[in-house]
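Structure first, commentary second.
The values are calculated or read from the model by the stated rules, or taken from the named source; none is laboratory data. All values reported here derive from a predicted model rather than from experimental measurement. Here the Cβ positions follow ideal geometry from the backbone for every residue, glycine too, while neighbour counts run over all protein chains shown.
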Amino acid sequence: MIDMSDKNEKNEKNDKNGTIRIDKWLWAARFFKTRSLATHAVELGRVLQNEQRIKPAHSVKAGDLIEVQHGEQIWQIKVLRVSDVRGPAAVAQTMYEETAESLAKRSKAAEDRKYFREPAAQLQGRPTKRDRRQIDFTRG
């Protein structure tokens with residue numbers, strides 16, 4: 001049986017302070033698969049805290065507004081609680097609340113993608129001779 005007392009003590013320590021590193025929080029809230037991916041996104045400026053660009057070691061606390069750009073999706077969320085333990089998805093979703101504006105934008109973007117696919121999105125790398133002919137034919 002695995003002893004979880006060390007993880008619980010560590011988690012309680014962060015709860016007492018009420019802050020945690022943003023890269024750890026993004027990983028625990030399941031926005032990124034690994035902490036290194038979360039760190040890289042923060043370094044590239046794809047994560048904003050209170051509309052400010054931040055560094056990966058910046059602290060996050062309950063009540064902060066965070067904007068996360070991951071691929072084509074952009075989330076605007078409010079931090080409800082902090083934790084450095086990555087748990088199940090259902091628990092991770094209780095750590096934040098998405099703003100109504102963000103939810104509306106993401107659902108509209110999903111609907112747009114459903115009805116219209118960008119033709120260039122299907123191309124992988126350099127087009128073949130056949131692909132080039134089809135492109136030229138569609139352009140006229």
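Some points to look at:
- Subset of region 70-102 that is among the charged types (D, E, K, R) and either assigned to a helix (DSSP H, G or I) or touching a Phe, Trp or Tyr at 6+ places or on another chain (Cβ under 9 Å) (or both) - its residue that is modelled with the lowest pLDDT: ASP84
- Matching residues in region 62-72 - criterion: being more than 12 Å from LEU26 (Cα to Cα) and surrounded by 13 or more Cβ atoms within 10 Å (Cβ to Cβ): ALA62, ASP64, LEU65
- The single residue among ALA57, ALA110, ALA90, ALA100 that is exposed (fewer than 10 other Cβ atoms within 10 Å of the Cβ) and under 25 Å from TRP27 (Cβ atoms) turns out to be ALA90.
- Criterion: farther than 30 Å from THR138 by Cβ, at pLDDT below 95 and in the same structural domain as THR138 (by TED's automatic domain parsing) - qualifying residue of LYS61, LYS7, LYS105: LYS105
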